[in-house]
Protein chains: 2
Amino acid sequence: MITISGIPEMKSLANEARSQNLAIGFVPTMGYLHDGHMSLVQRARSENDVVVASIFVNPTQFGPNEDLELYPRDMEGDRHKLQTAGVDALFLPESGQLYGPGYQTYVIVETVSLPLCGSSRPGHFKGVATVVLKLFNIVRPTRAYFGQKDFQQLQVIRRMVSDLNVDVSVIGCPTVREADGLAMSSRNSYLDVSERKQAVALNQSLLFAKTMFHSGETSSRIILDAVVDRISREPDARIDYARIVDSHTLSDVDQSDSASLVALAVRIGKTRLIDNMILG
Amino acid sequence: MITISGIPEMKSLANEARSQNLAIGFVPTMGYLHDGHMSLVQRARSENDVVVASIFVNPTQFGPNEDLELYPRDMEGDRHKLQTAGVDALFLPESGQLYGPGYQTYVIVETVSLPLCGSSRPGHFKGVATVVLKLFNIVRPTRAYFGQKDFQQLQVIRRMVSDLNVDVSVIGCPTVREADGLAMSSRNSYLDVSERKQAVALNQSLLFAKTMFHSGETSSRIILDAVVDRISREPDARIDYARIVDSHTLSDVDQSDSASLVALAVRIGKTRLIDNMILG
């Protein structure tokens, strides 16, 4: 595995690969890699000639009171995992290079960025869409891989790619979970032992919502009441949002159907966790 | 010259050319072509293997009270000019194809879009940056050509390309003028005989500003007073803006230097004309 930090060097490698008609699979990450990330890498490895992973903790997607500075890092561990998984190139751009002096251009995906995390984290998806487009322009992937745990992010990127005629296949991959069901996330490392136990409430409440739906309940209000009730049993849990939305538009639905998505953001102590599940 | 209206067909032609290492020169236009446009086409022809021109009157860069519906069109004349100039492919996308159902993604170049025309025409450069990025993604040009008459547009596009790591050389070309100095513009066709005579005041006032600067005057206020005075002598002229700005940031400068730009927008009757000149 080669490591590339310069944008021109990364562009040059990508252009060389594309000019040889090699398919580039790309997994953009913020590092501190877990089995969720690695499932994206494995899928990229199986479907492409060249696999590029990037690690970049993107400042423009963090709000002023968020955890940019605290975001966990483990470069040596990450490098070992990516190398073992058969990644060809690790792209490690620097912030000052991606956002140079006078930087001022942003991509706004107007509608699907608004609800859910877009409402709790203003500007977050503007930062995500912008950095992903920049990385796409540098890495020129044939296919790019994103986890469904960040479901809204996936929809924002799909919409951006379609709207801006970007030539890449965006591939959403299933959420990978710990043995007790907690969705894998770099932020799980913030949890203490007690919080870690309480965090399973997100997945359990989603599973219960799915069970209710399969038992015939379609009222989003009734399903959400049960979800909120389950989460509220944890002493350190505070719900940021709990919604049932159309999985394409992300707008609220009163009557759930099999394409509806239950989407959660919950603080466990100081740690904000998200999870989601399609009901059908 | 082949004519292409489908986005997939245009992408496919572009990908084929790029895979053969052919350089693509691109001239995006809104049609009703004049010698200014044709100077871009000639330069593109001389510097590239394949020349693509597009004609698309982009709705997202027009405000609600602007001349989208009235914008002049002459498809047969345009086609003849482009064919004669040696264009290989004319791309004629349809609005419903570029902006399909649920379209919601826009590119914002925050700072250089704000003053001058950005202030008079809110949302204009958002529409310009967005459609140009879309066209770049479809046509995949090696080089793209824009006139310096639309100086702010050129700076917005340069900034977007640099900020978003787009792989294209943006080439600004000198303003082409009528015999009496009026900058060529499709909108000149709106002028009646009397207005056409008055319109020469834009270029004459810019030339006078340049003469003042070369005679040693550096006070932007004094130069602009003379510019305004010259234009105000025309009975049907109303100044939208007359500014001296830094030619990179487009922010006002009190003391002019050789890199300063005098930028004008003037209504002659109902027709809004723009022009500009670097003082040095």
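The values are calculated or read from the model by the stated rules, or taken from the named source; none is laboratory data. Just so we're clear, the structure is a prediction, and the values are computed from it rather than from any experiment. Cβ placement follows ideal geometry from the backbone for every residue including glycine, while neighbour counts extend to all protein chains displayed. Surface areas here come from the heavy atoms of the whole protein model, side chains and all, with no ligands, DNA or RNA. Shrake-Rupley method; radii C 1.70, N 1.55, O 1.52, S 1.80 Å.
Among the residues of the stretch B:245-269, write down those that are in contact (Cβ under 8 Å) with a residue 60 or more places away in the chain and under 20 Å from the mean Cα position of the chain (by Cα). Steps first, answer last, please.
Within the stretch B:245-269, the first condition is being in contact (Cβ under 8 Å) with a residue 60 or more places away in the chain, and the residues that meet it are B:245, B:247-252, B:261, B:263-266, B:268-269.
Listed by number, the residues that qualify are B:245, B:247, B:248, B:249, B:250, B:251, B:261, B:263, B:264, B:265, B:266, B:268.
Do you know which residues across the stretch B:166-180 are part of a strand (DSSP E or B) and not β-branched (Val, Ile, Thr)?
Correct list: B:169, B:172, B:173, B:177.
Which residues, taken from the stretch A:150-176, are among the charged types (D, E, K, R) and open to solvent by 30 Å² or more (accessible area, probe 1.4 Å)?
Matches in the stretch A:150-176: A:150, A:158, A:159, A:167.
Checking the structure you have, find out if any residue of the stretch B:121-143 is outside any loop (DSSP other than H, G, I, E, B), open to solvent by 50 Å² or more (accessible area, probe 1.4 Å) and of a type in the set (Gly, Ala, Ser). Give the derivation first.
Here is the first cut: in the stretch B:121-143, the residues outside any loop (DSSP other than H, G, I, E, B) are B:124-139, B:143.
With the extra rule that they be open to solvent by 50 Å² or more (accessible area, probe 1.4 Å), the set shrinks to B:126, B:143.
When the remaining residues are screened for being of a type in the set (Gly, Ala, Ser), the result is none.
No, every residue in the stretch B:121-143 fails to be outside any loop (DSSP other than H, G, I, E, B), open to solvent by 50 Å² or more (accessible area, probe 1.4 Å) and of a type in the set (Gly, Ala, Ser).
Determine, yes or no, whether residue B:82 is modelled with pLDDT under 95 and assigned by TED's automatic domain parsing to the domain that holds residue B:106.
Numbers: modelled with pLDDT under 95: no; assigned by TED's automatic domain parsing to the domain that holds residue B:106: yes.
No, not satisfied.
Out of everything in the stretch A:1-34 that is among the polar types (S, T, N, Q) and either over 25 Å from residue A:74 (Cβ atoms) or surrounded by fewer than 20 Cβ atoms within 10 Å (Cβ to Cβ) (or both), what residue ends up being farthest from the other protein chains (Cβ to nearest Cβ)?
Filtering the stretch A:1-34 for residues that are among the polar types (S, T, N, Q) and either over 25 Å from residue A:74 (Cβ atoms) or surrounded by fewer than 20 Cβ atoms within 10 Å (Cβ to Cβ) (or both), the one farthest from the other protein chains (Cβ to nearest Cβ) comes out as A:3.
Does any residue of the stretch A:220-228 turn out to be in a loop (DSSP other than H, G, I, E, B) and either in contact (Cβ under 8 Å) with a residue 24 or more places away in the chain or within 21 Å of residue A:118 (Cβ to Cβ) (or both)?
No, every residue in the stretch A:220-228 fails to be in a loop (DSSP other than H, G, I, E, B) and either in contact (Cβ under 8 Å) with a residue 24 or more places away in the chain or within 21 Å of residue A:118 (Cβ to Cβ) (or both).
Which count do you get for residues in the stretch B:89-136 that are of a type in the set (Asp, Glu) and farther than 21 Å from residue B:66 by Cβ? Walk me through it before giving the result.
Here is the first cut: in the stretch B:89-136, the ones of a type in the set (Asp, Glu) are B:94, B:110.
Filter again for farther than 21 Å from residue B:66 by Cβ, leaving B:110.
Here the count works out to 1.
Would you tally the residues in the stretch B:30-44 being within 10 Å of residue B:145 (Cβ to Cβ) and under 12 Å from the mean Cα position of the chain (by Cα)?
Total meeting the criteria: 2.
From the list B:209, B:183, which one is touching a residue at least 40 places away in the same chain (Cβ under 8 Å) and more than 18 Å from residue B:259 (Cα to Cα)?
When all the criteria are applied, what remains is B:183.
Could you grab the pairs with beta carbons closer than 6 Å, sequence gap of 6+ or different chains, first residue in the stretch A:133-144 and over 8 Å from residue A:24 (Cβ atoms) and facing chain B (nearest Cβ under 7 Å), second one open to solvent by 10 Å² or more (accessible area, probe 1.4 Å) and among the β-branched types (Val, Ile, Thr)?
If the second residue must be open to solvent by 10 Å² or more (accessible area, probe 1.4 Å) and among the β-branched types (Val, Ile, Thr), the pairs left are A:137/B:166; A:138/A:7.
Please note which strands (runs of 3 or more DSSP E) are completely contained in the stretch A:47-116 and include at least 3 residues that are buried (at least 20 other Cβ atoms within 10 Å of the Cβ) and within 14 Å of another protein chain (Cβ to nearest Cβ).
Filter on the stretch A:47-116 gives A:105-109.
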